[in-house]
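*Asks:* Supplied in structure tokens, the structure appears directly below.
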Amino acid sequence: MQKPIWRSPLLTTLLAVLPAYGSQAPDITEPSGKTLGAALSAPSSQVPSVSASSAKAYDTDRIIVRYHDQAAARKTPSAAMVASRIVQRAASRHGLIAQQLHTTGQGAQVWAMNRHMTNDEAQALAKQIAAADPEVEYAEPDYILRATWTPNDSLYSSQWHYFETTAGINLPAAWDRTNGAGVVVAVVDTGYRPHADLAANLLPGYDFITQTTVSNDGDGRDSDARDPGDLCPTSTVPKSSWHGTHVAGTIGAVTNNGTGVAGVAYGAKILPVRVLGKCGGYTSDIADGVRWASGNTVTGVPANPTPARVINMSLGGSGTCSQTMQDAITAARNKGTVVVAAAGNDSQDASGFFPANCRGVVAVAAVDRGANRAWFSNYGFTVSLAAPGDPILSTLNDGQDAPGNDSYASYYGTSMAAPHVAGTAALMLSANPSLAVDTVARLLQSTTRLAGTCSGCGTGIVNAAVAVNESIASGTTNHINESAFFVQQTYFDVLKRKPDAGGEAYHVGLLNACNGASSCLASTRAAIARSLLESSEYRAQDPWDPASPMYNLYFIDRCYWRFLQRSALMTEAQFWLDYLNATGDYNGVVNGFITSPEYRKRFGTP
């Protein structure tokens, strides 16, 4: 299935200029026009789908429409009215009545229809809106995402997932070094209950749910992030999940208090961001919650006084990463926030589920007590690493619909695995606050230990103690110039795995043979990165025919994706495309990316 050209999942903002390889790249700062990803996904017999997914997204009754920054619709009431009529006319052709609800933190409009649409209807409507108005930057369905959990009422007497040698995360040894103090972790979820074993570690959060039928608390957005219950009439589970409270307890339950459970980063503070209510939550609300949690501005919402260094998103839906969600995640990363997401519970390839498949996310699969991939867990090239998720004991509430009493229960799901990783990231940042976003991600992946039979589980099971120790050893230095660090990072970026001993020794040997000569190091590093990007292993995961006339465009797109963790507009990529078409210098293009300040900033001060 081809990705639709009307809704590219690739970013169209936050452009950066890469230093040219032998000439100067143009300064492109206007985020408008077709994305490079859209061009790559245009229907053509010569253009294969490079990230297609057969999974269908959840149905919705909303559409997100964003106009170009310089669009007249953003500047004058009369032009805005004309633009609104275009949306309304497109909706009427589908027998729908469209009403504008609100504006997102990204400046996009959210439109509500008078009934739910099928996924095909929503896609067709968004496509028609974009085609009818050249001032539209993108239009996309406002998908409903849901908590990625499956309840299990059986209680366990201990939290095996912290200390058991088979599948535990080696947490007690990490606690010898740090407890997460000084770090804020945002739990973007169903909100919280003021559980006695959790309340002392909670910060004032925010409720981002705009629609009262979803919020279940009688109002829209406000500063009360408490969970009133999320019982969904159509659910097969006849009770509220109290999902956010369970996730928050795994990360930050009060510890060493003689009662209840322990949290991974019990010295950290939890910032509850409520985005899921009855039957889930809308992408537009979730994206605004991510923005606010990381310290970005959201129109109409007070500034967040305690921005999070880590965000946990134990939620998801099927489909490619929406542009609205990707923009929010990129904005969070640019604030120095590590974004952790559950891989999903469909026992399918995680590349078809978002936000796990969004760029720059640490995606987490689940293992069971035997260190094997849990039967429900998603898997694949998208997954960064794994953590215990089957079953996990944490804080809960015993209310069936409305809140009841504090309780404890075991749940299983990738929702339960992700907070183990988010908590470990908080421990790492507490031990070394200077760590850059992608240094945290790299250390999480490089310090894992192998799982039992967990194919598609990234680099292995998170190892909290080793990750913390390596974070302390990392200091404040940007290590990307170090040969071993560069080789390992390039394997993580391109092949999503640790280098095997032979491959690492070979590539480090090539760099050491340069004896410090800068020109030799630059060309060798570029050659190594290119060799991995064009390897049969990478192409097996992301196939593209080198003989295709679109190959150069694809190569540039993958450089943005793998080395900068983002994508580019056609206007931004045009310089590199012209250079590559004229010279055939693939190593030169790679060198431009991996020597850029933007690349180096991923690992510390450039």
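The values are calculated or read from the model by the stated rules, or taken from the named source; none is laboratory data. Keep in mind that this is a model prediction, so the values were computed, not measured. Note that each Cβ is placed from the backbone with ideal geometry, even for glycine, and that neighbours are counted across all protein chains shown. Please note that ligands, DNA and RNA were not included when accessible areas were found on the heavy atoms of the full protein model with its side chains. Shrake-Rupley method; radii C 1.70, N 1.55, O 1.52, S 1.80 Å.
*Asks:* Any residue in region 583-599 that's farther than 26 Å from residue 335 by Cα: show its pairings with residues that are part of a helix (DSSP H, G or I) and of a type in the set (Phe, Trp, Tyr) at Cβ separation under 6 Å, as long as the two are six or more apart or on different chains.
*Replies:* The qualifying pairs are 589/576.
*Asks:* Looking only at region 96-112, how many residues end up being in contact (Cβ under 8 Å) with a residue 24 or more places away in the chain and over 17 Å from residue 59 (Cα atoms)? Walk me through it before giving the result.
*Replies:* Pass one, region 96-112, residues in contact (Cβ under 8 Å) with a residue 24 or more places away in the chain: 96, 98, 101-112.
Now drop any that are not over 17 Å from residue 59 (Cα atoms), which leaves 101-109.
Qualifying residue count, region 96-112: 9.
*Asks:* Which one of the conditions (1) buried (at least 22 other Cβ atoms within 10 Å of the Cβ); (2) over 17 Å from residue 606 (Cα atoms) does residue 474 fail to meet, given that it meets all the rest?
*Replies:* Answer for residue 474: the failing condition is (2).
*Asks:* So for region 340-353 (the condition being farther than 22 Å from residue 235 by Cβ, open to solvent by 10 Å² or more (accessible area, probe 1.4 Å) and within 20 Å of the chain's Cα centre (by Cα)), does at least one residue qualify?
*Replies:* Yes, that holds for at least one residue.
*Asks:* Go through region 545-574 residue by residue and tally those that are open to solvent by 40 Å² or more (accessible area, probe 1.4 Å) and not aliphatic (A, V, I, L, M).
*Replies:* Initially, region 545-574 is screened for residues open to solvent by 40 Å² or more (accessible area, probe 1.4 Å), giving 545-547, 549-550, 561, 570-571, 574.
Next, only the ones that are not aliphatic (A, V, I, L, M) stay: 545-546, 549, 561, 571, 574.
Of the residues in region 545-574, 6 are open to solvent by 40 Å² or more (accessible area, probe 1.4 Å) and not aliphatic (A, V, I, L, M).
*Asks:* Within region 371-383, can one find any residue that is more than 27 Å from residue 538 (Cβ to Cβ), open to solvent by 10 Å² or more (accessible area, probe 1.4 Å) and either modelled with pLDDT of 95 or more or not in a strand (DSSP E or B) (or both)?
*Replies:* Checking region 371-383: at least one residue is more than 27 Å from residue 538 (Cβ to Cβ), open to solvent by 10 Å² or more (accessible area, probe 1.4 Å) and either modelled with pLDDT of 95 or more or not in a strand (DSSP E or B) (or both).
*Asks:* Anything in region 51-85 that is assigned to a helix (DSSP H, G or I), at pLDDT 90 or above and buried (at least 18 other Cβ atoms within 10 Å of the Cβ)? List them, or say none.
*Replies:* 83
*Asks:* Within region 156-274, which helices (runs of 4 or more DSSP H) (wholly inside it) include 2 or more residues that are under 25 Å from residue 103 (Cα atoms) and of a type outside the set (D, E, K, R)? First the steps, then the outcome.
*Replies:* Working: elements: 160-163, 171-175, 212-215, 243-252.
Result: 212-215.
*Asks:* Among the numbered criteria (1) at pLDDT 90 or above; (2) in contact with a helix residue (DSSP H, G or I) (Cβ under 9 Å, 6 or more places away or on another chain); (3) open to solvent by 30 Å² or more (accessible area, probe 1.4 Å), which one does residue 149 miss?
*Replies:* Among (1) at pLDDT 90 or above; (2) in contact with a helix residue (DSSP H, G or I) (Cβ under 9 Å, 6 or more places away or on another chain); (3) open to solvent by 30 Å² or more (accessible area, probe 1.4 Å), the lone unmet condition for residue 149 is (1).
*Asks:* While we're here: Can you tell me how many residues within region 497-519 are closer than 24 Å to residue 457 by Cβ and open to solvent by 40 Å² or more (accessible area, probe 1.4 Å)?
*Replies:* Residues that pass the stated criteria total 6.
*Asks:* Continuing with this model, one more query. Which one is surrounded by the fewest Cβ atoms within 10 Å (Cβ to Cβ), of the residues in region 436-467 that are closer than 13 Å to residue 603 by Cβ and in contact (Cβ under 8 Å) with a residue 60 or more places away in the chain? Steps first, please.
*Replies:* Keep residues of region 436-467 that are closer than 13 Å to residue 603 by Cβ, which gives 436-443, 446.
Remaining after also requiring in contact (Cβ under 8 Å) with a residue 60 or more places away in the chain: 436-442.
Numbers: 436: 20, 437: 24, 438: 22, 439: 24, 440: 27, 441: 28, 442: 23.
The residue in question is 436.
*Asks:* Right, something else. Go through the residues of region 222-239 one by one and say whether even a single one is open to solvent by 20 Å² or more (accessible area, probe 1.4 Å), within 21 Å of residue 285 (Cα to Cα), among the acidic types (Asp, Glu) and more than 26 Å from the chain's Cα centre (by Cα).
*Replies:* no
*Asks:* Hey, another quick one. For region 386-401, check the following and say yes or no: at least one residue is acidic (Asp, Glu), out of contact with any helix residue (DSSP H, G or I) (no Cβ under 6 Å at 6 or more places or on another chain) and surrounded by fewer than 24 Cβ atoms within 10 Å (Cβ to Cβ).
*Replies:* Narrowing region 386-401 to residues acidic (Asp, Glu): 390, 398, 401.
Restricting the remaining residues to those that are out of contact with any helix residue (DSSP H, G or I) (no Cβ under 6 Å at 6 or more places or on another chain) gives 390, 398, 401.
Still in the list and also surrounded by fewer than 24 Cβ atoms within 10 Å (Cβ to Cβ): 398, 401.
Yes, the conditions are met somewhere in region 386-401.
*Asks:* Same structure, new question: Since residue 542 meets every condition but one in (1) open to solvent by less than 10 Å² (accessible area, probe 1.4 Å); (2) modelled with pLDDT of 90 or more; (3) of a type outside the set (S, T, N, Q), which condition does it not meet?
*Replies:* Evaluating residue 542 over (1) open to solvent by less than 10 Å² (accessible area, probe 1.4 Å); (2) modelled with pLDDT of 90 or more; (3) of a type outside the set (S, T, N, Q) leaves (2) as the failure.
*Asks:* Tell me, which residue of region 354-370 that is open to solvent by less than 30 Å² (accessible area, probe 1.4 Å) and outside any loop (DSSP other than H, G, I, E, B) is nearest to residue 145 (Cα to Cα)? Can you show your working first?
*Replies:* If we filter region 354-370 for residues that are open to solvent by less than 30 Å² (accessible area, probe 1.4 Å), which is where we start, we get 354-367.
Now drop any that are not outside any loop (DSSP other than H, G, I, E, B), which leaves 354, 362-367.
Numbers: 354: 9, 362: 18, 363: 16, 364: 17, 365: 18, 366: 19, 367: 23 Å.
Among those residues, the one meeting the criterion is 354.
*Asks:* Okay, next question. Look through 89, 115, 146, 93 and report the one residue that is touching a Cys at 6+ places or on another chain (Cβ under 8 Å) and touching a residue at least 12 places away in the same chain (Cβ under 8 Å). Spell out the reasoning first.
*Replies:* Details: 89 fails: touching a Cys at 6+ places or on another chain (Cβ under 8 Å); 115 fails: touching a Cys at 6+ places or on another chain (Cβ under 8 Å); 93 fails: touching a Cys at 6+ places or on another chain (Cβ under 8 Å).
Criteria check complete, one pass: 146.
*Asks:* Right, another one. Select, from 497, 442, 449, the only residue that is basic (Lys, Arg), within 20 Å of residue 389 (Cα to Cα) and either in contact with a strand residue (DSSP E or B) (Cβ under 8 Å, 6 or more places away or on another chain) or at pLDDT below 95 (or both).
*Replies:* Result: 449 is the single residue among 497, 442, 449 that is basic (Lys, Arg), within 20 Å of residue 389 (Cα to Cα) and either in contact with a strand residue (DSSP E or B) (Cβ under 8 Å, 6 or more places away or on another chain) or at pLDDT below 95 (or both).
*Asks:* Considering only residues of region 520-539 that are over 13 Å from residue 587 (Cα atoms) and polar (S, T, N, Q), which is most open to solvent (accessible area, probe 1.4 Å)?
*Replies:* Looking only at region 520-539, we keep the residues that are over 13 Å from residue 587 (Cα atoms), and these are 535-539.
Filter once more, so that each one left must be polar (S, T, N, Q): 535-536.
Details: 535: 24, 536: 100 Å².
Filtering first and then ranking leaves 536.
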